Amino acid sequence: MALGTIYLIALCIAAVFILLSIRVLYFIALFLLVTFLICFFLSMVSDGDLTLMLYELIGNKGDNMMGRVVWITGASSGIGEELAYQLARKGAKVVLSARRVNELERVRGNCVRFPEVREENILVLPMDATKYETHGQVAETIVDRYGKIDILINNSGRSQRALVQDCKIEVDKAIMDLNLMGPISLFKVALPYMLENNYGQIINISSATGIMPAPLSSAYCASKHGMHGFFNSVRSELSYRNIAVTMVCPGPVVSNIVENALREDFTRPAAKPYDGTADRSYKVLMSTERCAALTVVAIANKLNEVWVARQPILLFYYMAQYMPGFTKWMTPLIGRGRVKQYNQSQAQ
Ligand SMILES: NC(=O)c1ccc[n+]([C@@H]2O[C@H](COP(=O)([O-])OP(=O)(O)OC[C@H]3O[C@@H](n4cnc5c(N)ncnc54)[C@H](OP(=O)(O)O)[C@@H]3O)[C@@H](O)[C@H]2O)c1
């Protein structure tokens, strides 16, 4: 994104130069314009923002994860599970947390099957992200076992599929409790150990909905926006203490997220897919492996915010960032279509 901003500025400068028609500067302006067009083309064929793509090409691939103590929440399925495999294989000491112990044990079993992963480097610590009073004990157990917490990956989360007018306030609150207050609580229990060690990385698995609106997901969207507000402030406050914050914003990724989405009230079953996004072959879905691999690049290079999505979804990130007015005009049109589609699918 930093690159995107630079080239947007470069384009403006180029335009001014062309307007002024100063011959000698004309070629510089043309050069900047061509560079911008190349960047624009690259961003259209990538599945991550340009800075992330650059780091994937020439940055650290995760070799610096060796010996790092990484606490992953929501490690029992989806993105968290895959992050566990990839980080364990890079030599990290991985702590797996979520509610379902049997699933965590399955993930642990898969981890230790990799020949490069040592059994003592994978620890299962079940935890409910909404039971804040238990978080301190989990952090203490990690430090007792490994001596420190280097990296906290706030990944636990549930999505939402509900019309805002039908959604009970209790459901909105449950989503906030899990997706926003959970990560804040976990951060607060891990932070003292990080400060003591003078090293820490907080990785927050946000979403595309952390930076743009989404119909049928008002509370989910608010929880992810809230994550950005809180943790961007943390970064500004604590970077001088060597605490880095990375916001990862995936688009649609293969996982159980749609099946686990909350509905209007707790009595309704988990969401049934209404737009094909739960179909594993849906064309905009990114594989879990790819999402985790790009997240590892972001962690290894301490990037501030990364966008991880296939096209044309990624294009919306750029629009939300660089054309906010146009995006605000356009999203109600998309929303209207989505609501219609949702109502039709529920009527069937
Ligand atoms: N997949 C996508 O398209 C997508 C896109 C953007 C962002 N994300 C974000 O990615 C993160 C991971 O989601 P996913 O796609 O991998 O979905 P997933 O397969 O449904 O995984 C969700 C994880 O969260 C855990 N979890 C749920 N409630 C919990 C609780 N109360 N306490 C502790 N852990 C809890 C689940 O474990 P237990 O049930 O065992 O507790 C599970 O491991 C979420 O934050 C989600 O918002 C996903």
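The values are calculated or read from the model by the stated rules, or taken from the named source; none is laboratory data. These numbers were taken from a predicted model, which means no experiment stands behind them. Counting neighbours? That spans all protein chains shown, and the Cβs are built from the backbone with ideal geometry, glycine included.
For the stretch 73-96, what are the residues that are within 7 Å of the ligand (Cβ to nearest atom) and of a type in the set (Gly, Ala, Ser)?
Gly74, Ala75, Ser76, Ser77, Gly78, Gly80
From the set of residues in the stretch 31-79 that are outside any helix (DSSP H, G or I) and aliphatic (A, V, I, L, M), which is surrounded by the most Cβ atoms within 10 Å (Cβ to Cβ)?
So the residue we want is Ala75.
Considering every residue within the stretch 144-160, establish whether at least one is charged (D, E, K, R), assigned by TED's automatic domain parsing to the domain that holds Pro269, more than 10 Å from the ligand (Cβ to nearest atom) and farther than 27 Å from Tyr85 by Cα.
no
Just one of (1) of a type in the set (A, V, I, L, M, F, W, C); (2) under 30 Å from Tyr318 (Cα atoms); (3) within 10 Å of the ligand (Cβ to nearest atom) trips up Leu57, so point out which.
(3)
Check Thr267 against each of (1) within 16 Å of the ligand (Cβ to nearest atom); (2) more than 25 Å from Leu52 (Cα to Cα) and name the one condition it does not meet.
Among (1) within 16 Å of the ligand (Cβ to nearest atom); (2) more than 25 Å from Leu52 (Cα to Cα), Thr267 violates only (1).
Ser233 is checked against (1) in a strand (DSSP E or B); (2) farther than 30 Å from Gly91 by Cα and fails just one. What number does that condition carry?
With respect to (1) in a strand (DSSP E or B); (2) farther than 30 Å from Gly91 by Cα, Ser233 is out only on (1).
If you take the residues in the stretch 212-226 that are outside any helix (DSSP H, G or I) and within 11 Å of the ligand (Cβ to nearest atom), which one is nearest to Gly182 (Cα to Cα)? Give the derivation first.
At the first step, the residues of the stretch 212-226 found to be outside any helix (DSSP H, G or I) are 212-217.
Cutting the leftovers down to within 11 Å of the ligand (Cβ to nearest atom) gives us 214, 217.
Values: Ala214: 22, Ser217: 18 Å.
Top of the filtered list is Ser217.
Go through Ala309, Ala320, Ala298 for me and flag whichever is among the small types (Gly, Ala, Ser), in the same structural domain as Ile202 (by TED's automatic domain parsing) and in contact with a strand residue (DSSP E or B) (Cβ under 6 Å, 6 or more places away or on another chain).
Ala298
When you scan the stretch 91-209 for strands (runs of 3 or more DSSP E) that lie fully inside it, which ones turn up with 1 or more residues that are free of Cβ contacts under 8 Å to residues at least 60 places away in the same chain and closer than 30 Å to Leu315 by Cα?
Numbers: elements: 93-97, 122-124, 151-154, 200-205.
It comes to 200-205.
Which members of the stretch 166-205 meet the condition of being of a type in the set (Val, Ile, Thr) and either within 12 Å of the ligand (Cβ to nearest atom) or within 17 Å of Asp150 (Cβ to Cβ) (or both)?
Answer for the stretch 166-205, where residues must be of a type in the set (Val, Ile, Thr) and either within 12 Å of the ligand (Cβ to nearest atom) or within 17 Å of Asp150 (Cβ to Cβ) (or both): Ile175, Val189, Ile202, Ile203, Ile205.
Need pairs with beta-carbon distance below 6 Å; first residue more than 17 Å from Gly251 (Cβ to Cβ) and within the stretch 39-60, second outside any helix (DSSP H, G or I) and at pLDDT 95 or above; sequence gap 6+ or separate chains.
Tyr55/Asn301; Gly59/Asn301; Asn60/Asn301
Given the criterion within 16 Å of Leu83 (Cα to Cα), modelled with pLDDT of 95 or more and more than 15 Å from the ligand (Cβ to nearest atom), identify the matching residue among Leu123, Leu104.
Sole residue among the options that is within 16 Å of Leu83 (Cα to Cα), modelled with pLDDT of 95 or more and more than 15 Å from the ligand (Cβ to nearest atom): Leu123.
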